[in-house]
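Reviewing the structure listed below.
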Amino acid sequence: MAQREAGGDFDSRFGLRDLLGLRGGMAWLFVLILELIIVLYMLGNLQAASLTQTLVALVIMAAAGALVLLVPDDPLPWSATVFVTVAGPVATALTAVDLGSAPAHHVVWTAFACSYVLAALVLRGRIAAAWLSVAASAAVLVVAGLRIDVRFDAIVSASIVPIGTVAAISAFAVIIRPIQRSLRMLREEATIRAAAEATMIAADGERIRQLARLDRVARPILERIADGAVLTATEREQCRLLEAELRDGLRAPQLVTEELSGAARGARARGVEVVLLDDGGFEGVPQWVRQRVIDSAVRELDAANAGSVTVRVLPLGRRVLATVLAHAADDDRRTEIDTDGNVAVST
């Protein structure tokens, strides 16, 4: 199920626009060219329709051209799709309804502008909507032509222009779909492979870091044990403290700093039970907030002479980032540090 949802998301992020490079600066260049073409064609209606009708139709088509290319989601959202679908028939009606005695070829100008906008609509994954707009525009042309007695060949020419353009782009979209699917799969595999490699590199780096730390803190005592030396009481205590410190590195890697490890070692040497827990809440937290947690923990550890101290980094999404619980025979103290770095102490 998760793979299917991920695949659907990949479809939306790798459509024909990606295949044709219609993103970023190239997309804006394409928008500029399309808008210029629309303006040039629509201004040809000035000799046939009134200035007001021509300008209104021009604004509608220009808005449709901008929407069909600039709205980011693929396929094009239905709100934008409906506007682009309706724009063609409306602009056609505005420029053809009062054609009157103007030359019949003027009825073709709006059809040319519509054909380019609908071709872009096909590229945005709305083939059915594009064909619906073509049919509606043709119907408007037929009605307007019969009403004002435009020659039949002019009506046919104006209808064929968007039909031919949308048919060609639709065929291209259908033919290119297997290539698009293959490229999408290759990109998805490359992304997964890159993520896996990044994970391996991070894991290898962490392993090297832990091995270097283990070599630094444990090698001397391990070499004495390997040599068969009899450990003194002080060395056995050192082994106990070292084992607890190494355990901290596994349970709370984000809390292991020289400052906090030294404070924990000193508290354990005084008989304090120290527990460090890391549930991942440090991810994305500023360094100064992390340091405030470390400082609060070090302060409690240095002050403890008996009992226990538990330092815990809470899971992601909590208001409280970390807690420090100090338990002693005479009192208990709880310190909370939130994600904004505010410290609250309660007893």
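The values are calculated or read from the model by the stated rules, or taken from the named source; none is laboratory data. Worth saying up front: this structure is predicted, and the values here are computed from it rather than measured. Here the Cβ is made from the backbone with ideal geometry for all residues, glycine too, and neighbour counts use every protein chain on show. All accessible areas refer to the heavy atoms of the entire protein, side chains included, with ligands and DNA or RNA removed. Shrake-Rupley method; radii C 1.70, N 1.55, O 1.52, S 1.80 Å.
Taking strands (runs of 3 or more DSSP E) that fall entirely within the stretch 297-344, which contain at least 3 residues that are crowded, with 18+ Cβ neighbours inside 10 Å and at positive phi?
Working: elements: 308-313, 320-327, 332-338.
In the stretch 297-344, there are no strands (runs of 3 or more DSSP E) which contain 3 or more residues that are crowded, with 18+ Cβ neighbours inside 10 Å and at positive phi.
Looking at the stretch 278-292, is at least one residue surrounded by 15 or more Cβ atoms within 10 Å (Cβ to Cβ) and closer than 22 Å to ARG216 by Cβ?
yes
Would you check if there is a residue in the stretch 259-271 being under 38 Å from the mean Cα position of the chain (by Cα), buried (at least 20 other Cβ atoms within 10 Å of the Cβ) and over 25 Å from GLU235 (Cβ atoms)?
no
Quick test of your reading of the structure: ARG290 fulfils all but one of (1) within 30 Å of GLU237 (Cα to Cα); (2) assigned to a helix (DSSP H, G or I); (3) not aromatic (Phe, Trp, Tyr). Name the failing condition by number.
Among (1) within 30 Å of GLU237 (Cα to Cα); (2) assigned to a helix (DSSP H, G or I); (3) not aromatic (Phe, Trp, Tyr), the lone unmet condition for ARG290 is (1).
Kindly evaluate SER50 against the criterion of being of a type outside the set (A, V, I, L, M) and either farther than 22 Å from ALA136 by Cα or at pLDDT 90 or above (or both). Spell out how you get there, then give the answer.
Working: of a type outside the set (A, V, I, L, M): yes; either farther than 22 Å from ALA136 by Cα or at pLDDT 90 or above (or both): yes.
For SER50, the condition - of a type outside the set (A, V, I, L, M) and either farther than 22 Å from ALA136 by Cα or at pLDDT 90 or above (or both) - is met.
Taking the residues in the stretch 67-82 that are open to solvent by 60 Å² or more (accessible area, probe 1.4 Å), in contact (Cβ under 8 Å) with a residue 40 or more places away in the chain and part of a loop (DSSP other than H, G, I, E, B) as candidates, determine which candidate is farthest from VAL134 (Cα to Cα).
Only one residue fits best here, namely ASP73.
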